[in-house]
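The values are calculated or read from the model by the stated rules, or taken from the named source; none is laboratory data. Because the structure is predicted, anything quoted here is derived from the model rather than measured. When we count neighbours, we look across all protein chains shown, and the Cβ atoms used for this are built from the backbone with ideal geometry, even at glycine.
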Amino acid sequence: MAFSRRFVLLVVLCAAFASPAFADYGSAKQAFEIGDHATAFAEFRALAEEGDPRAQFALGLMFQTGRGTDRDHGKALHWYWAAADQGLARAQSNLGVLYRRGLGVERDFTQALKWFRKAADQGYARAEYNLAEMYRNGEGVTRDLVQAYVWYEFPLTNLPPSGRAAAALRRNAMIDSMLVSELVEAERLARAHRARREPGAVFPGETAEKVQRAQGVRRIETPVETAVVSGPVER
């Protein structure tokens, strides 16, 4: 009888540890990367429900993009919120994207700015790019090309190639419509912004052929591509 009870307990434990509730983040990530989205979704969901912010972010992205599940921006918003509230920068950034575009929620530039700023303050370049865009367009804030110029600073170097190209294109275009006094102030603030984060840094565009020396402005030579929102999972 005692043996029988021990056997039943062993079976229950084996079944429990085989369930997604005991999923490992690494294995869920691997399943996602090889295209086994159904397995990844189940494992990320189990981990997300236990409070893992990385899994919450990944689950949000899967709902946003419709991988491993039906696309549902409302559920994406829910899981991004859960991860963003724990301070995960890429979740904060993607939450800002949903608010800025009005996906799964009423468009709210104030909320978008709030979450982009939180992620940008952690040095997350995708959020900095989006923050620069909002200042450039005057979305939820007074249009401010000086602040836009400053926030494009790290996307010029820290985004993937397509994002770097987009940041350079945007900032170079702004240079032509700014006053010399604005350009001088923007460049001063951008350099200070980079120096605080990277003491002794070499500034992007410093040796570019088309530096406007009279204005102290750096033009970045780069091909034109498009920027993207945050990628699926941490690498």
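Results, tabulated for the structure shown:
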read-out	value
Helices (runs of 4 or more DSSP H) contained in region 138-189 and holding at least 1 residues loosely packed, with under 14 Cβ neighbours inside 10 Å	161-175
Selection status of Leu61, under 18 Å from the mean Cα position of the chain (by Cα), in a helix (DSSP H, G or I) and not assigned by TED's automatic domain parsing to the domain that holds Arg197	yes
Enumeration of residues in region 109-122 that are of a type in the set (D, E, K, R) and surrounded by 15 or more Cβ atoms within 10 Å (Cβ to Cβ)	Lys114, Arg117, Lys118
Options Leu77, Leu113: the member that is among the aliphatic types (A, V, I, L, M), under 29 Å from Ala42 (Cβ atoms), assigned to a helix (DSSP H, G or I) and in contact (Cβ under 8 Å) with a residue 12 or more places away in the chain	Leu77
Residue that is surrounded by the fewest Cβ atoms within 10 Å (Cβ to Cβ), among those in region 64-94 that are of a type in the set (Gly, Ala, Ser) and within 17 Å of the chain's Cα centre (by Cα)	Gly87
Some residue of region 95-106 being surrounded by 24 or more Cβ atoms within 10 Å (Cβ to Cβ), within 11 Å of the chain's Cα centre (by Cα) and in a helix (DSSP H, G or I)	yes
Test for Pro161: is it at pLDDT 90 or above, within 23 Å of Leu98 (Cα to Cα) and out of contact with any Leu (no Cβ under 8 Å at 6 or more places or on another chain)	no
Flag if Ala192 is at pLDDT 55 or above and either part of a loop (DSSP other than H, G, I, E, B) or of a type in the set (Gly, Ala, Ser) (or both)	yes
Condition met for Phe154 (modelled with pLDDT under 95 and aromatic (Phe, Trp, Tyr))	yes
